[in-house]
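What follows is a short report on a single structure.
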Amino acid sequence: MNDATTSGSARPVVLDVWCELQCPDCTAALDDLRALREHYGDRLDIRLRHFPLAKHQHAYAAAQAAEEATEQGQGWPFVEAVLARTEELGTKGEQLLLTVAGELGLDAEEMDTALIDGRHLLAVDADQAEGKAIGVTGTPTYEIGGELLDGGKSQDGLRERVTEIADRLLAEQG
């Protein structure tokens with residue numbers, strides 16, 4: 001029955017957001033991501049992709065913690081909460097990740113275990129490798145419709161450019 005509908009069954013347009021949870025520019029990008037999510041709803045699939053930078057000591061652990069939060073059903077709320085506290089992450093490290101998990105009602109003990117046993121290392125490494133392969137050099141970087149948009153240099157005009165591309169891709173679906 002779903003096959004009979006054309007416009008209602010269109011696949012969402014995918015927006016990959018290469019992000020690092022200790023990155024102030026990624027924090028600045030949150031308003032754009034919220035606006036895009038509100039505007040498009042389920043027609044735009046915003047996917048967090050991890051790209052921890054070596055200059056941020058706790059970024060790699062934060063990426064793993066975000067994966068665990070996703071498994072526990074609170075991926076985006078966790079990401080937004082950590083991004084809102086990037087400076088605190090810089091000083092408190094993994095303790096902040098566990099605090100945020102507890103504040104969101106996640107199993108902080110399981111989060112701690114995940115950070116210790118490294119169960120999410122492969123997912124983070126795979127994201128980072130893919131990002132490097134397509135030309136990501138900093139965060140945030142967006143990829144939509146095969147186009148790479150570097151938000152690490154400037155956020156100016158990015159929401160408009162993503163909207164322009166998403167509108168075009170959705171129109172092409174028909």
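Loop only by DSSP, 12 or fewer other Cβ within 10 Å of the Cβ. Give me the trypsin sites (Lys or Arg not before Pro) in segment 84-174 that pass, ordered by residue number.
On the way: sites: 85, 92, 119, 132, 153, 159, 161, 168; in loops: 85, 119, 153.
Here the trypsin sites (Lys or Arg not before Pro) that fit, given the DSSP loop and packing criteria, are 153.
Would you mind telling me the share, in percent, of accessible area of segment 1-136 contributed by carbon and sulfur at probe 1.4 angstrom?
Its accessible area is 49 percent carbon and sulfur atoms.
Quick one: which residues, 5+ away or cross-chain, put their amide H under 5 Å from the amide H of residue 49? H built at 1.01 Å from N.
17, 18, 19
Provide the gained length on full extension for the span residue 47 to residue 107, in nm with one decimal, where the gain is 0.36 nm per separating residue minus the Cα-Cα distance. Can you show the working numbers first?
Numbers: separation 60, 0.36 × 60 = 21.60 nm, distance 2.30 nm.
Stretched fully, the residue 47-residue 107 segment lengthens by 19.3 nm.
Place a point 7 Å from the Cα of residue 125 along the Cα-to-Cβ direction; which residues of segment 33-60 have their backbone N under 16 Å from it?
50-52, 60
Under 8 Å for C-alpha pairs, at least 6 residues apart: give me the relative contact order for segment 76-174, rounded to a whole percent. Intermediate results must be reported in sequence, preceding the final value.
Working: 51 pairs, mean separation 12.5, N = 99.
In percent, rounded to a whole number, it is 13.
Per residue, how many Å² of accessible area does segment 1-141 show with a 1.4 Å probe?
Working: 7150 Å² over 141 residues.
On a per-residue basis, 51 Å².
If I stretch the segment between residue 55 and residue 172 completely, what's the gain in nm (0.36 nm per residue apart, minus their alpha carbon distance), one decimal? Numbers along the way, then the final one.
Values: separation 117, 0.36 × 117 = 42.12 nm, distance 4.06 nm.
That pair, residue 55 and residue 172, stretches by 38.1 nm at full extension.
Ordered by residue, what ³J(HN,Hα) values in Hz, to whole numbers, does segment 168-174 give under the Karplus form 6.51 cos²θ - 1.76 cosθ + 1.60, where θ = phi - 60° and Gly and Pro are x?
5, 5, 5, 5, 5, 6, x
As a test of the formula, what do you get for the chain when each DSSP H run with n ≥ 4 contributes -39,500 (n - 2.57) and the sum is divided by the residue count, at 222 nm and rounded to the nearest 500 deg cm²/dmol?
Per the formula, -17000 deg cm²/dmol.
Hey, can you grab everything whose amide H is under 5 Å from the amide H of residue 151? Only 5+ residues off in sequence or another chain; H modelled, so Pro and N-termini drop out.
Excluding prolines and chain starts, which carry no amide H, the hits are 141, 142.
The values are calculated or read from the model by the stated rules, or taken from the named source; none is laboratory data. What you see is a predicted model; the values in this text were computed from it and never measured. When we count neighbours, we look across all protein chains shown, and the Cβ atoms used for this are built from the backbone with ideal geometry, even at glycine. Remember, those area values only see protein heavy atoms, side chains included, never the ligands or the DNA or RNA. Shrake-Rupley method; radii C 1.70, N 1.55, O 1.52, S 1.80 Å.
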